[in-house]
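Structure, as structure tokens:
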Amino acid sequence: MRLRNLDVKDAPLMLEWMHDGGVVENLHTDFATKTLGDCLHFIEEAQDMKDSIHMAIVDSNDEYMGTVSLKHITGNAAEFAIAVRKSAMGRGFSKFAMTEMIHIGLKEKGLERIYWCVSPKNTRALRFYDKNGYGRIMLKDRKIEGYNVDEAGYYVWYEVLRKHLI
């Protein structure tokens, strides 16, 4: 398994997880209405984004298994996101991709902080993050890019700090 740039050939398998109710039911984006054209547009835009990094998670045959991202990169922080196909779940793809993307953000890009949120209803994701030792945080007065205060308070938040890795 490895990470690589997204490619147009990934679009049909990207759309597969977007239309899989078991995968997207507790995510905070309406993926069910996305089309193949939306996937192709996202992949094209991902090539030139300055404030986000989106990469494909692939198996040893270069088959797309999911997308891992750092979004809203602002100065020293970014929001982490990951989505994988049902066939990739429980096979180590998420753990691998998360470790790699956090390394890219904190070590290669010099970010100080990577954060993400999970719906409290998404028990599978919560178990995964807790089991892998990612620390939950309380928001308090933190400004979270792209979230209003009420919306942000609904989610369970996690954070990785570069100073804890050194």
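For the reader, a short list of remarks on this structure follows.
- Matching helices (runs of 4 or more DSSP H) fully within the stretch 1-98 where at least 1 residues are at pLDDT 95 or above and not acidic (Asp, Glu): 11-18, 36-46
- Some residue of the stretch 7-22 being under 19 Å from Glu79 (Cα atoms) and either among the hydroxyl-bearing types (Ser, Thr, Tyr) or open to solvent by less than 70 Å² (accessible area, probe 1.4 Å) (or both): no
- Residue within the stretch 134-153 that is in contact with a helix residue (DSSP H, G or I) (Cβ under 6 Å, 6 or more places away or on another chain), modelled with pLDDT of 90 or more and either open to solvent by less than 80 Å² (accessible area, probe 1.4 Å) or aromatic (Phe, Trp, Tyr) (or both) present: no
- Cβ pairs under 9 Å, 6+ apart, first in the stretch 84-112 and within 25 Å of Pro12 (Cβ to Cβ) and open to solvent by 10 Å² or more (accessible area, probe 1.4 Å), second basic (Lys, Arg) and not in a loop (DSSP other than H, G, I, E, B): Met89/Arg124; Phe96/Arg2; Glu100/Arg2
- Scanning the stretch 23-54 for residues that are in contact with a strand residue (DSSP E or B) (Cβ under 9 Å, 6 or more places away or on another chain), among the hydrophobic types (A, V, I, L, M, F, W, C) and open to solvent by less than 30 Å² (accessible area, probe 1.4 Å) yields Val23, Val24, Ile43, Ala46.
- So Ser119, is it surrounded by 14 or more Cβ atoms within 10 Å (Cβ to Cβ), free of Cβ contacts under 8 Å to residues at least 40 places away in the same chain, among the hydroxyl-bearing types (Ser, Thr, Tyr) and in contact with a His (Cβ under 8 Å, 6 or more places away or on another chain): no
- Only one of the numbered conditions (1) open to solvent by 50 Å² or more (accessible area, probe 1.4 Å); (2) over 20 Å from Leu126 (Cβ atoms) is violated by Ala77, and that is (1).
The values are calculated or read from the model by the stated rules, or taken from the named source; none is laboratory data. In this text, all values refer to a predicted model and were calculated from it rather than measured experimentally. Note: ideal-geometry Cβ built from the backbone for every residue, glycine included; neighbour counts use all protein chains shown. These accessible areas exclude ligands, DNA and RNA; they are computed on the full protein's heavy atoms, side chains included. Shrake-Rupley method; radii C 1.70, N 1.55, O 1.52, S 1.80 Å.
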